1. Which whole-number value in Å² is the accessible area per residue of the chain, probe 1.4 Å?
2. Just the number, please: carbon plus sulfur as a percent of the accessible area of the chain, 1.4 Å probe, no ligands or DNA/RNA counted.
3. Normalised by the residues of the chain, what does the relative contact order come to in percent, with Cα pairs under 8 Å and at least six apart?
4. Averaging the inverse of every distinct alpha carbon separation and then flipping it gives the Kirkwood radius. What is it for the range 25-72, in angstrom units?
5. Based on the mean of other beta carbon atoms within 10 Å per residue, what is the order of 20-29, 71-80, most packed first?
6. Calculated from the structure, semi-axes √(5λ) of the Cα gyration tensor in Å equals which of (1) 26, 16, 11; (2) 53, 16, 9; (3) 26, 12, 10?
7. Scaled to the compact-protein estimate 2.2 N^0.38 Å, what is the alpha-carbon radius of gyration of the range 2-45, rounded to two decimal places?
8. Whole angstrom only: what separates the Cα centroid of the range 40-84 from the Cα centroid of the range 1-28?
Amino acid sequence: EDEFLDVIYWFRQIIAVILGIIWGVVPLKGFVGIAIFCLINAGVLYLYFSSFQQIDEEEYGGTWELTKEGFMTSFALFLVTCLALT
């Protein structure tokens, strides 16, 4: 169980760095940029664990628990990466 949560955590960090670089190069700023990041980050992760992995979400505390796993650290990493490139 912890191994799958670790995979989700690090997968989310990779997404944050990639999107931070893209947002830094293409100047997406403000609420729109943050909202798009949140939607992409949550959406990609949801597709990963629901469609690709096909796990039982209730085994890990529900869909919300899996969706928020590591979100705040990935958000901080996204902001640092994005701001470093602007």
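1. The answer is 62 Å² per residue.
2. So the carbon and sulfur contribution to the accessible surface is 69 percent.
3. Once normalised by length, the contact order is 57 percent.
4. It works out to 11.9 Å.
5. 71-80, 20-29
6. Checked against the structure: label (3).
7. 1.25
8. Each part reduced to its Cα centre gives a spacing of 9 Å.
The values are calculated or read from the model by the stated rules, or taken from the named source; none is laboratory data. Here the structure is a predicted model, which means the values were calculated and not measured. Every residue, glycine among them, receives a Cβ derived from its backbone with ideal geometry; neighbour counts consider all protein chains shown. What goes into the accessible areas is simple: the full protein's heavy atoms, side chains included, and nothing from ligands, DNA or RNA. Shrake-Rupley method; radii C 1.70, N 1.55, O 1.52, S 1.80 Å.
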